Amino acid sequence: MMKTSSGRTLYYGKGDVMAYRTYAKPLTVSAIPESAHRGDSNVIFAHHITFAVSSDLLLGSFIEGDNTWVVATDSMKNFILRHAGDYEDATTEGFIAYLGRRFLEKYTHITTVEIAADRIPYEPLQVNGEAGFEDSGLVYRRSHNEHAGAKLELARSNRGVQITEGWSSLSDLQLIKVSGSSFFGFIRDEYTTLPDSYDRPLFVFLNIHWRYTHIDDALDAGEGRYVSAAQVRDIAHHVFHEYKTPSIQYLIVQIGLRLLKRFPQLAEIRFESNNRTWETVVEPDPQSKAGVFTEARPPFGFQGFSMTQEDL
C-alpha cells in the first residue's frame, strides 16, 4: 500500500482500464517437461489494468481540496491507452513496467506508481486449411478460464526509478480430479460431522503468485528466464494428476516444489486455494465408478501458503 514520506497511506488512481493491443511482439519461452507451451503469438495483447499513484504533494488535494498537483484519472486512462501501442516487448510485466516508467518521466512530482494488470485471454480458433485444421490467425475466442496477471510498484530513489515490488500471477485456475484424492485423519470431536473420505472427487480453485529473484527476468523474455503462466498452469495439471493427495494443503506444496525445481529463477511462490469439492448424491459404483454429484454448498474452506527456494 502506497504511503507518503510521513507514513500516511495516500493514493488515488484509475481502475478497469481495458487496453486491447494487437500484434505485440511474440513471446517465446524455454521448454519444460510438463508443458507443450512454447510462447504466445500476442496477436491480441489485452489487459484489464488498475493504475494508482502517490506523492507528498498530493496531500493538499485531500486536506485542502487543492488540485494543483492532481493528474486527472481520465488523463491516466488516456496515458495508458496511448502508450499501449509503444511497448515493444512481449510480457505483461514488461508492459506495466514500461507504463510506470513513462508516467514517472512525464509527471516528475509523482513518487510512486502501482500498476496491476490481468491478461484478458483470447484463444485462436481453427479453420480447415490446405494442410488440415490450422489456427485462423484472424479469428479468436474470448476465454473465461484462468488468466495471467502481474502487479508492480515503481518508486523514485537516489538511484532513479526502481521496481520496489513485483509479482506475477495465474488466477482463477479451476481443477477437478475425479479420483485419487482423500481426506481423513483430522480431529474428531463434538463439532465434527464431516465423514472420512478415502477416494473423492476434488475440485479446487487456485490463485498462484510468483516473485523473481531478479525482476529483469520478468521484463525481458529474450533472456530465456521468463516464466509463463501457461507453464505454471500445466505444472499444476501434472502434479494434480500424478499425486494421490490427502489434502489440498499437500497438493499445493507439491505444486510449489515442482515450480521451484523447474524455475530456479523464482524467489518465492504464494498460493491461495479454495475447496469447492462436489457433494455426493449417489456413491460411485465400485465397478463402473459412475456416481452422481452436485455443487458444493457454502461456506467454503480456503488455504494460503508461501514457499521459497529453501523449501527444496
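The values are calculated or read from the model by the stated rules, or taken from the named source; none is laboratory data. Values in this document were obtained by computation on a predicted structure and should not be read as measured data. A quick note on method: Cβ atoms are made from the backbone with ideal geometry, for glycine too, and the neighbour counts reach across all protein chains shown. Remember, those area values only see protein heavy atoms, side chains included, never the ligands or the DNA or RNA. Shrake-Rupley method; radii C 1.70, N 1.55, O 1.52, S 1.80 Å.
The table for this structure:
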item	result
Among residues of segment 255-274, those that are buried (at least 16 other Cβ atoms within 10 Å of the Cβ) and assigned to a helix (DSSP H, G or I), counted	6
Residue 237 part of a loop (DSSP other than H, G, I, E, B), of a type outside the set (S, T, N, Q), within 27 Å of residue 45 (Cβ to Cβ) and out of contact with any strand residue (DSSP E or B) (no Cβ under 6 Å at 6 or more places or on another chain)	no
Of residues in segment 174-198 being assigned to a strand (DSSP E or B) and not small (Gly, Ala, Ser), the one most open to solvent (accessible area, probe 1.4 Å)	198
Looking only at segment 49-62, and only at residues there that are crowded, with 19+ Cβ neighbours inside 10 Å and of a type outside the set (A, V, I, L, M), the one that is nearest to residue 100 (Cα to Cα)	51
Flag if residue 201 is closer than 19 Å to residue 294 by Cα and open to solvent by 60 Å² or more (accessible area, probe 1.4 Å)	no
Where a residue in segment 75-100 is within 15 Å of residue 48 (Cα to Cα) and its partner, wherever it lies, is modelled with pLDDT under 95 and not acidic (Asp, Glu), with Cβ under 6 Å and at least six apart	91/221
Matching entry among 24, 46 (being modelled with pLDDT of 95 or more, closer than 25 Å to residue 143 by Cα, touching an Asp or Glu at 6+ places or on another chain (Cβ under 9 Å) and buried (at least 19 other Cβ atoms within 10 Å of the Cβ))	24
Residue match in segment 199-215 (condition: part of a helix (DSSP H, G or I), more than 14 Å from the chain's Cα centre (by Cα) and within 17 Å of residue 29 (Cα to Cα))	no
Set 228, 171: member being surrounded by fewer than 18 Cβ atoms within 10 Å (Cβ to Cβ), of a type in the set (Gly, Ala, Ser) and within 16 Å of the chain's Cα centre (by Cα)	171
Residue list for segment 62-115, restricted to those being closer than 15 Å to residue 155 by Cβ, of a type in the set (Ser, Thr, Tyr) and touching a helix residue (DSSP H, G or I) at 6+ places or on another chain (Cβ under 8 Å)	111
Single condition residue 164 does not satisfy, out of (1) surrounded by 12 or more Cβ atoms within 10 Å (Cβ to Cβ); (2) closer than 30 Å to residue 292 by Cα; (3) free of Cβ contacts under 8 Å to residues at least 60 places away in the same chain; (4) of a type outside the set (D, E, K, R)	(2)
Single residue of segment 74-111 satisfying the filter (open to solvent by less than 20 Å² (accessible area, probe 1.4 Å) and among the polar types (S, T, N, Q)) that is farthest from residue 9 (Cα to Cα)	91
Matching residues, segment 1-20, being in contact (Cβ under 8 Å) with a residue 60 or more places away in the chain and under 19 Å from the mean Cα position of the chain (by Cα)	17, 18, 19, 20
